[in-house]
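Below: the structure, in structure tokens.
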Amino acid sequence: MDSKINRKEKKKNSPPESEVSDQDIYEAMKDIPGYIDITPGDFKEIYQLASRHALKRAAESVKAKDVMTRKVFSVKRSTPVEDVADLLALNGISGAPVIDDDGKVAGIISEKDFLTRLGIKDTGTVMGMIARCLKNKGCMIVSIKTGKAEDIMSSPAITVSEDITIQEIARIFTEKNINRVPVTDSNGHLAGIVSRADIVRYVPAQYKE
């Protein structure tokens, strides 16, 4: 609970890159004693550049362990597919790590894995998915109903260490086209999970895409 509160406080206190008006710059310059040989426009440009550098520095210093969610919903390789679907639906999450008998991350199971097994490549709208599924000979739902998590999970899982920076995680999200990544400790065991939502307030815009 404490870690969640601290994380919320960090996000709440993160300085936004606000727009500064010419009047704001003019008033700030008047507060500085002595003569300043610089125009309000130059001052504003310096301020904006400094703000971006500050955000970039934060992205390079904040690590996975600082923003990750420590209470992670996970499943085992042998967890029935039905139970996995219930877990995701009841907790409002779109994916969960799959853990092997040694407590290490064996894969990831997500909505996308379910849809792929149902023969649905383009999610679109809910009705679009239903229509596509109905055209696919019973939606293929029976074929996965008795399966286990390991049967449809994406493997091997992409994981990161606790000390990786959120800037590096943002790049992984972009390069791998994923929205979340499990965080493992020094023994390779699941320690938490980082999603795009966890880092979006820390990373400058140029690192989000």
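Read-outs: derived from the displayed coordinates by stated rules, not from any lab. Predicted, not measured: the structure shown is a model, and the values here were computed from it.
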inquiry  = Taking amide H atoms as placed 1.01 Å from N in the peptide plane, list the residues 5 or more away in sequence, or in a different chain, whose amide H sits under 5 Å from that of residue 93.
reply    = none
key: Long-range HN-HN contacts of residue 157 with modeled amide H, under 5 Å   = 107
query = HN-Hα J couplings of region 105-118 from phi, Karplus 6.51/-1.76/1.60, θ = phi - 60°, integer Hz, Gly and Pro as x?
reply = 6, 9, x, 10, 10, 9, 4, 4, 5, 4, 5, 4, 5, 8
